[in-house]
């Protein structure tokens, strides 16, 4: 499977094909940024697993009348949810940060995705970063 097939056949919730597909893969767009507010718990067998508590961050307008808002993120770790979702039956894909995100000093946890909602952990440097709704910050590649 190549980037075109991934976009056309296996993704839903896409924004704009011409900007999202290139030879490397499909660029994913930010739908929501969550902050982690309570401790999670992980054990060996999974019976005591408790995900960390999260809540969505609000966006703010850069200028009055903006169609899309901005998340103004301070240093730390956040959970990022993407607009795009993998349909059932899609082969394994690898989610990584794209060059745009890396150029802002941020990192995104690499994740193998196989279906459903696509999420990852975003790490923001001490100086912070502003991210606009629907910004392309990640690259999804077929494996």
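The values are calculated or read from the model by the stated rules, or taken from the named source; none is laboratory data. This one's a predicted model, so the numbers in the text were calculated from it and none came from an experiment. Cβ: placed from backbone, ideal geometry, glycine included. Neighbour counts: every protein chain shown.
In table form, for the structure just shown:
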read-out: The listed residue being at pLDDT 95 or above and in contact with a helix residue (DSSP H, G or I) (Cβ under 7 Å, 6 or more places away or on another chain), out of 25, 74, 45; value: 25
read-out: Residue selected from the stretch 102-114 under the condition in contact with a strand residue (DSSP E or B) (Cβ under 9 Å, 6 or more places away or on another chain) and more than 16 Å from residue 26 (Cα to Cα), by the criterion surrounded by the most Cβ atoms within 10 Å (Cβ to Cβ); value: 106
read-out: Residues satisfying the stated conditions in the stretch 10-58, i.e. without any contact (Cβ under 8 Å) to a residue 12 or more places away in the chain, assigned to a helix (DSSP H, G or I) and surrounded by 11 or more Cβ atoms within 10 Å (Cβ to Cβ); value: 17
read-out: Selection count, the stretch 69-97, where residues are farther than 15 Å from residue 3 by Cα and either in a strand (DSSP E or B) or without any contact (Cβ under 8 Å) to a residue 12 or more places away in the chain (or both); value: 13
read-out: Among the candidates 61, 99, 117, residue that is surrounded by fewer than 16 Cβ atoms within 10 Å (Cβ to Cβ), modelled with pLDDT of 95 or more and either out of contact with any strand residue (DSSP E or B) (no Cβ under 7 Å at 6 or more places or on another chain) or farther than 17 Å from residue 15 by Cβ (or both); value: 99
